[in-house]
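Since the structure comes first, as structure tokens, the remarks are kept for the end.
The values are calculated or read from the model by the stated rules, or taken from the named source; none is laboratory data. All values reported here derive from a predicted model rather than from experimental measurement. The area values use the complete protein model at the heavy-atom level, side chains included, leaving out ligands, DNA and RNA. Shrake-Rupley method; radii C 1.70, N 1.55, O 1.52, S 1.80 Å.
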Amino acid sequence: ASVIGLSAAAPANAALTLFQQFTGNYGLSTDGAGSTASNYTVNAFVPVGATVVGAYLYQSTSQIVGNQPITFNGSSVTFGPQSFNASSGVNQLGSARADVTSLVSSVINGGAGGTYSFNIGEGNSGNTDGTALVVVYSLASLATQTIAILDGFSAVGGDTTTLNLGAPVGPGFTAEMRLGIGFSFPNQSSNVSVNGTQITSVAGGFDDGPG
């Protein structure tokens, strides 16, 4: 089986590019949240005995405000450069990535397993559309699979991305796609189609607004 995880964010103004790829006995946890409040939580589900090999926090903002101050479990985190979606207009939507592997692994590795909650503090909640946490972990009992994290933005007209999987596609193959959608509104929801089959016409939602 193969699992493909996608998240929006990081280098310059580029569409989806491969940031990290793991092939082997790996698992994936993703969660996103946003709020008009300055504090909330994001979660990671990791089974007992697993070891965190990578954890990344993404923030969603805009070109005008740039990266915003974020604390993760009380620690300030440093984000890389914003990646802008040039097709989103003058006030380009952007996102950025921070490596929080050491902070996440110190909580999860050797822990009881299950759901772990991490506190997010937004220094200026009015300028941040939300955050997302991506956690990749290893566990010997898991089936071999490929996990790919793609950064950047999805072009409005659609993107084509090539990945090298750990094994040929055959009987029993499954694929899972997870999207990090930084900003949505009823008239800005995303249509997602795979191989011509529409998966959804309402990806995303009115994330951190009061309505």
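Coordinate range of the alpha-carbon atoms in segment 14-164 per principal axis, descending: 49, 38, 20 Å.
A Stokes-Einstein calculation at 37 °C with viscosity 0.692 mPa s, built on the Kirkwood radius of segment 21-105 over Cα pairs, returns a diffusion coefficient of 223 µm²/s.
Given a 1.4 Å probe and the protein chains as shown, Ile199 ends up with an accessible area of around 110 Å². Taken as Cα centroids, segment 120-145 and segment 28-63 sit 3 Å apart, rounded to the nearest whole angstrom. Which shape class applies to segment 84-151: rounded if a/c is under 1.5, otherwise prolate when a/b exceeds b/c and oblate if not, where a ≥ b ≥ c are the square roots of the Cα gyration tensor eigenvalues? Taking the square roots of the gyration eigenvalues as a ≥ b ≥ c, segment 84-151 is oblate. Residues whose amide H falls under 5 Å from that of Thr41, counting only those 5 or more places apart or on a different chain, are Ile120, with hydrogens built in the peptide plane.
Derived scalar couplings between HN and Hα for segment 130-136 equal x, 9, 9, 10, 10, 10, 10 Hz in order, rounded to whole Hz, by the Karplus curve 6.51 cos²θ - 1.76 cosθ + 1.60 (θ = phi - 60°), x for Gly and Pro.
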